[in-house]
């Protein structure tokens, strides 16, 4: 079964957030800024509010392992 774009975007967003978290403990300022910009861009493209993006609060509803709804608040 072919994966939906939203599933691919979600996985990429989660990977970026995990990488950002891992790099935050070291001295990787430039790389963190680049990762942050990519997270901001992708999350906004997916419909998350500016507050959710700033707080890194991303949630999705899954059914049978597939994303059926992104939970984006009203900001």
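Quick notes on this one:
- Scan of the range 36-56 for residues that are more than 21 Å from residue 5 (Cβ to Cβ) and touching a helix residue (DSSP H, G or I) at 6+ places or on another chain (Cβ under 8 Å), ordered by number: 36, 50, 56
- Residue 72 vs. criteria modelled with pLDDT of 95 or more and either outside any strand (DSSP E or B) or surrounded by 12 or more Cβ atoms within 10 Å (Cβ to Cβ) (or both): no
- Subset of the range 36-69 (residues that are touching a strand residue (DSSP E or B) at 6+ places or on another chain (Cβ under 7 Å) and farther than 16 Å from residue 16 by Cβ): 47, 61, 62, 67, 68, 69
The values are calculated or read from the model by the stated rules, or taken from the named source; none is laboratory data. All values derive from a computational prediction rather than experimental measurement. Virtual Cβ from ideal backbone geometry, glycine too; neighbours counted across all protein chains shown.
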